[in-house]
Every structure is written in C-alpha cells, then in structure tokens.
Amino acid sequence: MNRVFRAMLVVLCFEMGALLLYLPWTTFWEQNYFLSHFPLLMRITLHPSFRGIVSGIGVLDILLAFGLIGSRPSPTSVPPPQ
C-alpha cells in the first residue's frame, strides 16, 4: 500500500472516530435537520444507548487507526524458480 494513501487512511479513520466519539453528546446531535423533519427518529437517536453505540463505533475507528499505524505490510515475495 502506498505510504501516502496509508497515512491518509489513518488520519481519516482517526478523525471519523473522534467525531463519532464526541458528536452524539453535543447539542448539534439534538438540534439538526433530520430530527426536526422526522420526529420518529428523535426517540431513537436521543436515547443514551444509541448514543453509546455510536460512540463505541468511534472508539473502534480510533483503535483501527492505531492498528494501521503499528502494522507493516508484509513484503511480496516471489517464489524461487524451479
């Protein structure tokens, strides 16, 4: 995998994870376009369990980013000629 692509993937995973970890507990989550137009979603998305699930996905994204930093791709080996 290209180093630049890998670095961008790590940054993207970390940023998405940080947003998913923080966003459900802000006022932006409670006052948005979809909740005002679809009141049925309000009961689901404002429930603390749903917020916790979304935050848990954010933690998994952050752990994925750290895992991508630590892992190195294995070199491609060519089998010996016979």
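Just so you know, all these numbers are worked out from the coordinates, no wet-lab data involved. The model shown is predicted, which means the values in this text are computed figures rather than measured ones.
Among I53, I69, I44, the residue with the largest mean-square fluctuation in a Gaussian network model of the chain, with springs joining Cα atoms closer than 10 Å, is I44.
Here the Karplus curve 6.51 cos²θ - 1.76 cosθ + 1.60, taken at θ = phi - 60°, turns the phi angles of the range 59-64 into couplings of 5, 5, 5, 5, 5, 4 Hz, with x standing for Gly and Pro.
For P(r) over Cα pairs in 10 Å bins from 0, in percent, the candidate list reads [x] 18, 50, 26, 5, 0; [y] 17, 32, 22, 16, 8, 4, 2; [z] 15, 33, 10, 9, 17, 14, 1; the entry that matches the value derived from this model is [y].
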